[in-house]
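I have placed the structure first, in the form of structure tokens, so that the comments after it can refer back to it.
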Amino acid sequence: MATHQAALLTAVGSPLTVQSRPTPTPGPKEIVIAAHSVALNPVDYVQRDMGMFIENVPAVLGSDLAGTIAAVGPDVTQPWAKPGARVLAFATAFYARGAPDFGAFQERVRVPAVFVTPLPDGLGFREAAMMPMAVGTTWAGFHTVGHPRAGTLAAEPGKPPAMLVWGASSSVGSGGVQVARLLGYTVYATAGAANLDYVKNVLGAARVFDHRSPSVVDDIVAAVQEDGVSMQTAYIGAGDLAACAAVMARVKPADVEKAMIASAPLVPPGFEAPAGVEARFVMAPTELEARHEFSAFTFNQWLKEKLEKGEFVPSPGMTFVEGGLGAVNGALDQLKAGVSGTKIVLDI
Ligand SMILES: NC(=O)c1ccc[n+]([C@@H]2O[C@H](COP(=O)([O-])OP(=O)(O)OC[C@H]3O[C@@H](n4cnc5c(N)ncnc54)[C@H](OP(=O)(O)O)[C@@H]3O)[C@@H](O)[C@H]2O)c1
């Protein structure tokens, strides 16, 4: 029996430990990837420490990876899905409730082909591993608030359409700025002072605001009014839902019934949005077939095209941690302690 190394969660609340486990073969419409690089997300340490949605241990965690295709299962129809192809993938550890074949933190990862994107030459594995959760969460956010997959929501006549992205230096917020801009929005974004230039000059936000400024709400509202843009949607990567909602209540076009906010962080229980504003927690479709259709759009189609054209770039910055699988547990502690404008990446 073939085996490989994995960072296993053997008990909720304990550190991950590197052990050998059986190497899976891909099922129908699945691919097994030889992982080269992985990136870390907050959900990973939440699952490690609190067992959120972990049904059984041992479990393997992790969502973001890039590597080469090791094996292709039956009925995989994506033409680029051949052994040896360079790919990134959104590993389905979360949806699979920790079932160990599906987590990213191991040398061989079993992934449904709809969650895989082929890499253009020149895009490295480390950079590619930074993208799946950021892109998937952004599109899940737009899905959550009923946004179309192309173009912008109708703006008021004569006013360019604009979107607010709160927490634009976070991983998922930085993806949000890029997707919103590529859809055709003028992007207004908040970030910490040290990351404002990056969000403007690299990610392409039109206007940036320090989320710690006491006048941030007034400043964004004034800018929207001065610039004459039409804003009815916001996406929160990280930060303050109440402040974001306060902006949206004041800029909402009169003929729009509700300004919508897609929040990647949980909407606090009991949160009361101001009149004319609705906030929804970002979720991909929950029904399996719909989720796979959504994922095929996100990863097989949208991201594939944007990478081929060089239009979507890895974001925000990268913090590379040496030490391979054995360093994943400590790197999760580093992420849990808090990062600013950076994604933690390891080779495994
Ligand atoms: N719903 C979903 O499906 C889903 C999926 C993925 C992630 N999430 C959630 O989304 C959140 C972000 O995840 P991530 O991986 O992108 O996080 P991350 O990159 O680790 O977030 C760090 C960033 O958050 C920013 N930030 C912190 N407080 C802020 C505030 N008050 N206003 C604006 N920005 C603030 C910081 O900005 P500065 O340093 O510039 O101040 C920092 O750059 C987490 O809560 C995560 O659990 C949800």
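General remarks:
- Helix-only CD estimate at 222 nm, as mean residue ellipticity for the chain, using -39500 (n - 2.57) per DSSP H run (n ≥ 4): -7000 deg cm²/dmol
- Square roots of five times the Cα gyration tensor eigenvalues for the stretch 30-158, Å: 26, 21, 14
- Nearest 10 degrees, 0 to 90: helix 241-251 Cα axis against the chain principal axis: 40 degrees
- Relative contact order of the chain, pairs being alpha-carbon contacts under 8 Å that are 6 or more residues apart, as %: 18 percent
- Extension gain (nm, one decimal) between Ala222 and Val43, 0.36 nm per residue minus Cα-Cα: 60.9 nm
- To the nearest ten degrees, helix 171-183 and the longest principal axis of the Cα atoms of the chain are 60 degrees apart.
- Here the mean projected area of the convex hull built on the C-alpha positions of the stretch 240-289 is 4.4 nm².
- Kirkwood-based Rg to Rh ratio, the chain, C-alpha trace: 0.98
- Per residue, the convex hull spanned by the Cα atoms of the stretch 125-209 measures out at 94 cubic angstrom.
- Once you divide the Cα radius of gyration of the stretch 137-281 by 2.2 N^0.38 Å, the number left is 0.92.
- Rounded tilt (10° steps) of 328-337 against the dominant C-alpha axis of the chain: 20 degrees
- The stretch 234-337 - Debye-derived log10 I(q)/I(0), Cα point model, q = 0.15, 0.16 Å⁻¹: -0.99, -1.06
- Each of Arg97 and Gln334 was given a label point 7 Å from its Cα along the Cα-to-Cβ line. The distance between the two points is 3.4 nm.
- Under-24-angstrom lysine pairs by C-alpha in the chain, whenever the two are 8 or more apart or on separate chains: 16
- Ratio of Rg to Rh for the stretch 212-253: 0.94 [Cα atoms; Kirkwood radius as inverse mean 1/r over pairs].
- Put a dot 7 Å past the Cα of Ala154, heading toward its Cβ, do the same for Thr17, and the two dots end up 6.2 nm apart.
- Phi to ³J(HN,Hα) by Karplus 6.51 cos²θ - 1.76 cosθ + 1.60 over the stretch 271-277, Hz, x for Gly, Pro: 4, 10, 6, x, 4, x, 10
Any read-out appearing in this document is the output of simple, stated calculations on the displayed coordinates, not a laboratory observation. Everything numeric here is computed off the predicted structure, so don't read it as measured data. We place every Cβ from the backbone using ideal geometry, glycine too, and count neighbours over all the protein chains shown.
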